[in-house]
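> Have a look at this one before I ask anything.
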Amino acid sequence: MSPSLYSVRMRASYHGQHLTGAERIVPQAEVSEVTAALTERAMTCPGELADEIQCSVEKIDPTTVLYAQLPDLSTYIAPDWQAGHRVASCLLARAGVQPEIATRAVALLASGAGPGGTVMRGALIMDASSGKRLEADPARGVRVSRMDLSPECRSALESDLAAAGLGHHRVLEALVLAGKVLGAPGIVAELCWSDDPNYTIGYVADPQAGYQRISDLKLAGDSCGGRVFFIDQAKTSLEELVDYLECQVVLFNASGTISTAKKWIPADE
Ligand code: PML
């Protein structure tokens, strides 16, 4: 019989402001160790010292787990953030987002997509052809949860990413999250860059082209960032989509390819 699996989730905040979060899906025997590691991560995250850390542990029904393969990873080079924005818009348009909607979404993320130009706590959901925002709460957005790598896939991916010079934990975590998003009903593409002022790389992901990193999407020191999920409303309901993103357990048990070749968008695109 396979061992029981648990979802372990951590969220840390300071004066009610989200600081950091992380989650894992692990066998019962690793729950204590992983809970301690995630708590340690919250206590040592750069910036303010967390004044509230919430850890939750939840048993998973093994019959509900969806096993999947991670998307392929590639990297586009942009000489500066303005070029990065053009690359992002171009990749979104290639994925099927209306070009002017893509450009508008990139600008929205750069200016703070939450109320009053704030950074949203979760992702914004946008109709890929009309640009209409669909998330119920524009401050919270939608949080993608309950996904991880199988132990064998984790160790293979960690060494492949390290060999490609991509050993930062953000790459692995964003790849896993994007992998779950790309399996969502009605998904057209995802746009993301970090709100960490020291991390300027982001990505556009879509089901055909995979996880496409973009070297520069903002200036160092800028704390704007977040995620936009573009969807085709003819292929899903918002309820079905949000239920999948928040609740469906997805475990990746196979990697995609990791390309180290540097890619450029042709100037005329
Ligand atoms: C990467 O370098 O591939 C990760 C980019 C996105 C990071 C998003 C985040 O950590 O918030």
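The values are calculated or read from the model by the stated rules, or taken from the named source; none is laboratory data. From a predicted model like this one, the values you see are computed outputs, not experimental measurements. Heads up, the Cβs are rebuilt from the backbone with ideal geometry, glycines too, and the neighbour counts pull from every protein chain shown.
> Please specify each residue of region 117-150 satisfying the condition of being outside any strand (DSSP E or B) and of a type in the set (K, R).
To start, the set of residues in region 117-150 that are outside any strand (DSSP E or B) comprises 117-122, 128-132, 134-141, 143-146, 150.
Those that are outside any strand (DSSP E or B) and of a type in the set (K, R): R121, K132, R140, R143, R146.
> Something else: Could you please find all residues in region 222-250 being within 16 Å of the ligand (Cβ to nearest atom) and in a loop (DSSP other than H, G, I, E, B)?
Matches in region 222-250: D222, S223, C224, G225.
> A further question follows. Mind listing whichever residues of region 184-203 are within 11 Å of the ligand (Cβ to nearest atom) and in a strand (DSSP E or B)?
Those that are within 11 Å of the ligand (Cβ to nearest atom) and in a strand (DSSP E or B): E190, L191, C192, W193, G202, Y203.
> Residues in region 163-173: is at least one in a strand (DSSP E or B) and under 19 Å from the mean Cα position of the chain (by Cα)? Steps first, please.
Within region 163-173, the subset in a strand (DSSP E or B) is none.
No: zero hits.
> Shifting gears a bit: Of the conditions (1) farther than 18 Å from A105 by Cβ; (2) within 16 Å of the ligand (Cβ to nearest atom), S155 satisfies every one except a single condition; which number is it?
Of (1) farther than 18 Å from A105 by Cβ; (2) within 16 Å of the ligand (Cβ to nearest atom), only one is false for S155: (2).
> So, one more: Among residues belonging to region 30-45 that are at pLDDT 95 or above and of a type in the set (A, V, I, L, M, F, W, C), point out the one that is farthest from V57 (Cα to Cα).
That would be M43.
> Would you list the strands (runs of 3 or more DSSP E) that sit entirely within region 1-116 and hold 1 or more residues that are within 18 Å of the chain's Cα centre (by Cα) and surrounded by 20 or more Cβ atoms within 10 Å (Cβ to Cβ)? I'd like the intermediate steps shown before the answer.
Numbers: elements: 5-14, 17-27, 52-59, 66-69, 73-76.
Once the strands (runs of 3 or more DSSP E) in region 1-116 are filtered for at least 1 residues that are within 18 Å of the chain's Cα centre (by Cα) and surrounded by 20 or more Cβ atoms within 10 Å (Cβ to Cβ), what remains is 5-14, 17-27, 73-76.
> Let me ask another. Checking the structure you have, find out if any residue of region 219-232 is within 12 Å of L92 (Cα to Cα) and charged (D, E, K, R).
Going through region 219-232, the residues within 12 Å of L92 (Cα to Cα) turn out to be 228-231.
Remaining after also requiring charged (D, E, K, R): none.
No, region 219-232 contains no residue that is within 12 Å of L92 (Cα to Cα) and charged (D, E, K, R).
> Now a separate question. Given the conditions (1) within 12 Å of the ligand (Cβ to nearest atom); (2) touching a residue at least 24 places away in the same chain (Cβ under 8 Å); (3) surrounded by fewer than 21 Cβ atoms within 10 Å (Cβ to Cβ); (4) in a loop (DSSP other than H, G, I, E, B), and given that K218 satisfies all but one, which numbered condition is not satisfied?
In the conditions (1) within 12 Å of the ligand (Cβ to nearest atom); (2) touching a residue at least 24 places away in the same chain (Cβ under 8 Å); (3) surrounded by fewer than 21 Cβ atoms within 10 Å (Cβ to Cβ); (4) in a loop (DSSP other than H, G, I, E, B), K218 misses (3) alone.
> Going by what's in this entry, would A261 be described as within 14 Å of the ligand (Cβ to nearest atom) and out of contact with any helix residue (DSSP H, G or I) (no Cβ under 7 Å at 6 or more places or on another chain)? Let's see the steps before the verdict.
Numbers: within 14 Å of the ligand (Cβ to nearest atom): no; out of contact with any helix residue (DSSP H, G or I) (no Cβ under 7 Å at 6 or more places or on another chain): yes.
For A261, the condition - within 14 Å of the ligand (Cβ to nearest atom) and out of contact with any helix residue (DSSP H, G or I) (no Cβ under 7 Å at 6 or more places or on another chain) - is not met.
> Still on this model: What single numbered condition from (1) more than 7 Å from the ligand (Cβ to nearest atom); (2) of a type in the set (D, E); (3) within 15 Å of the chain's Cα centre (by Cα) fails to hold for D160?
(3)
> Being in a loop (DSSP other than H, G, I, E, B) and more than 10 Å from the ligand (Cβ to nearest atom) is the filter; apply it to region 204-215 and report the residue that is nearest to R121 (Cα to Cα). Before the answer, list the steps.
Here is the first cut: in region 204-215, the residues in a loop (DSSP other than H, G, I, E, B) are 207-209, 215.
Imposing the further condition that a residue be more than 10 Å from the ligand (Cβ to nearest atom) reduces the set to 207-209.
Working: P207: 24, Q208: 28, A209: 27 Å.
Checking each candidate, the answer is P207.
> List every residue pair whose Cβ atoms lie under 8 Å apart, where the two residues are 6 or more positions apart in sequence or sit on different chains, the first residue falls within region 30-59 and is closer than 12 Å to Y6 by Cα, and the second residue, located anywhere, is part of a helix (DSSP H, G or I) and aliphatic (A, V, I, L, M).
Every condition considered, the pairs that remain are V57/V31.
> Return the residues of region 168-183 that are surrounded by 14 or more Cβ atoms within 10 Å (Cβ to Cβ) and within 15 Å of the ligand (Cβ to nearest atom); say none if nothing qualifies.
Step one: of region 168-183, the residues surrounded by 14 or more Cβ atoms within 10 Å (Cβ to Cβ) are 171-183.
Answer for region 168-183, where residues must be surrounded by 14 or more Cβ atoms within 10 Å (Cβ to Cβ) and within 15 Å of the ligand (Cβ to nearest atom): V171, L172, E173, A174, L175, V176, L177, A178, G179, K180, V181, L182.
> Taking region 142-152, which residues are more than 13 Å from the ligand (Cβ to nearest atom) and closer than 30 Å to L238 by Cα? Lay out the reasoning, then the answer.
Residues of region 142-152 that are more than 13 Å from the ligand (Cβ to nearest atom), as a first pass: 142, 145-152.
Those that are more than 13 Å from the ligand (Cβ to nearest atom) and closer than 30 Å to L238 by Cα: V142, S145, R146, M147, D148, L149, S150.
> Consider region 123-170. How many of its residues are closer than 16 Å to Y203 by Cβ and free of Cβ contacts under 8 Å to residues at least 40 places away in the same chain?
Counting residues in region 123-170 that are closer than 16 Å to Y203 by Cβ and free of Cβ contacts under 8 Å to residues at least 40 places away in the same chain gives 3.
> Return the pair list, or none, for Cβ contacts closer than 7 Å from residues in region 236-253 that are among the acidic types (D, E) to residues that are buried (at least 20 other Cβ atoms within 10 Å of the Cβ) and at pLDDT 95 or above, at least 6 apart or on different chains.
E246/V142
> Right, next: If the Cβ limit is 7 Å and pairs must be 6+ apart or interchain, which residue in region 172-198 that is more than 21 Å from G84 (Cα to Cα) and touching a residue at least 12 places away in the same chain (Cβ under 8 Å) pairs with which residue that is among the aromatic types (F, W, Y) and away from the ligand (no atom under 12 Å from the Cβ)?
Cβ pairs passing all conditions: V176/F252; G179/F252; V181/F229; A184/Y244; P185/Y244; I187/F229.
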